[in-house]
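Take a look at the structure below.
The values are calculated or read from the model by the stated rules, or taken from the named source; none is laboratory data. Here the structure is a predicted model, which is why all the values come from computation and not from measurement. Please note: Cβ atoms are built from the backbone with ideal geometry, for glycine as well, and neighbour counts cover all protein chains shown.
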Amino acid sequence: MVADIMHGLGAYLASLFAGPVDLVVLVGLLGQALFTARFLVQWVASERAGRSVIPVSFWFFSLGGSAVLLGYALYRRDPVFILGQSLGTVIYLRNLALVFREKRERGG
């Protein structure tokens with residue numbers, strides 16, 4: 001039974017990647033790559049600091065990935081994806097505003 005499920009899943013995934021890749025899919029993959037890169041940036045920054053930190057670049061990668069994925073979702077007309085990325089985009093913009101406000105208040 002488990003083997004049948006795994007075989008079916010493998011066949012399904014193979015069918016997704018077997019056809020030609022269009023530009024829209026490449027844009028979606030770019031957005032996902034940006035979104036994933038934010039975790040690598042955060043991980044490296046935390047390892048260097050020896051504690052958990054969230055660098056400003058994390059928010060820029062988050063915003064960039066979210067914006068590209070939102071565009072992809074709008075093109076695909078996927079309401080679940082659109083709602084999820086819309087909220088994230090607002091949150092990332094707000095966090096960047098807070099970061100820059102703090103820098104301005106500190107005089108930097």
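Please determine, by comparing only the residues of the stretch 43-68 that are closer than 18 Å to Ala97 by Cβ and in contact (Cβ under 8 Å) with a residue 40 or more places away in the chain, which one is surrounded by the fewest Cβ atoms within 10 Å (Cβ to Cβ).
Checked the stretch 43-68; the qualifying residue surrounded by the fewest Cβ atoms within 10 Å (Cβ to Cβ) is Val56.
Quickly run through the stretch 34-48 and pick out the residues that are more than 19 Å from Leu74 (Cβ to Cβ) and within 20 Å of the chain's Cα centre (by Cα). Even if it seems obvious, please write down each step before you answer.
Within the stretch 34-48, the subset more than 19 Å from Leu74 (Cβ to Cβ) is 36-48.
Residues satisfying the conditions are Thr36, Ala37, Arg38, Phe39, Leu40, Val41, Gln42, Trp43, Val44, Ala45, Ser46.
Could you identify the single residue in Ser57, Ser52, Ser86, Ser15 that is modelled with pLDDT of 95 or more, part of a helix (DSSP H, G or I) and of a type in the set (Ser, Thr, Tyr)?
Within the list Ser57, Ser52, Ser86, Ser15, the selection yields Ser57.
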